[in-house]
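Everything on this sheet refers to the single structure shown next.
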Amino acid sequence: MAASIVTTMASLIRQVTVDCADPYALAGFWAAVLDSRIHPDDGPEDPEVLVESPGGRVLFIAVPEGKTVKNRLHLDLQPQDRTRDEEVDRLLALGAALADDRRNPDGSGWAVLTDPEGNEFCVERSAAERAATA
């Protein structure tokens, strides 16, 4: 007699929430990064602004205090239709800043960027770049 396998569903991450000074401006940056859009019900004066993309939801919430230390949690981005270096160039043009360049001459590594409010995130190699060096 075969043993039955029971699976249960744990929690799923519904969205990532980012505390910030200007939710609408920061949401606009991230909407461009994710090739997405700000939720149509959200405007410049709203204290919460939502970006929905095929990869998930990011909610930006106004808080009175500024960012003071390195993030304890950050996003790692993987380009879908361009190389890591092309994506880094695109994000820099959108307003990101290069915080730490961990790219190696052999093509491995990643770049650490910050968004316009100083939140760190990384850009890794695309799946195609990983497959080419596997």
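Pro54 fails exactly one of the following numbered conditions: (1) surrounded by fewer than 10 Cβ atoms within 10 Å (Cβ to Cβ); (2) within 17 Å of Glu124 (Cβ to Cβ); (3) under 13 Å from the mean Cα position of the chain (by Cα). What is the number of that condition? The number of the failed condition is (2). Restricting Glu124, Glu117 to those that are without any contact (Cβ under 8 Å) to a residue 60 or more places away in the chain, touching a Lys or Arg at 6+ places or on another chain (Cβ under 9 Å) and within 29 Å of Ala21 (Cα to Cα) reduces the list to Glu124. Out of the residues in region 87-101 that are in contact (Cβ under 8 Å) with a residue 12 or more places away in the chain and surrounded by fewer than 18 Cβ atoms within 10 Å (Cβ to Cβ), state the one that is nearest to Ala62 (Cα to Cα). Checking each candidate, the answer is Gly95.
Across region 86-134, the number of residues qualifying as of a type in the set (D, E, K, R) and in contact with a strand residue (DSSP E or B) (Cβ under 8 Å, 6 or more places away or on another chain) comes to 9. Checking each residue in region 49-79 for being under 24 Å from Arg90 (Cβ atoms) and acidic (Asp, Glu) picks out Glu52, Asp76.
Just to be sure, is Arg57 at pLDDT 95 or above, basic (Lys, Arg) and within 15 Å of Thr17 (Cβ to Cβ)? Yes: the conditions hold for Arg57.
Restricting attention to region 15-41, the residues that are touching a strand residue (DSSP E or B) at 6+ places or on another chain (Cβ under 8 Å), more than 17 Å from Gln80 (Cβ to Cβ), in a helix (DSSP H, G or I) and touching a residue at least 60 places away in the same chain (Cβ under 8 Å) add up to 1.
The values are calculated or read from the model by the stated rules, or taken from the named source; none is laboratory data. On a predicted model such as this, the values are computed, not experimentally measured, just so you know. Counting neighbours? That spans all protein chains shown, and the Cβs are built from the backbone with ideal geometry, glycine included.
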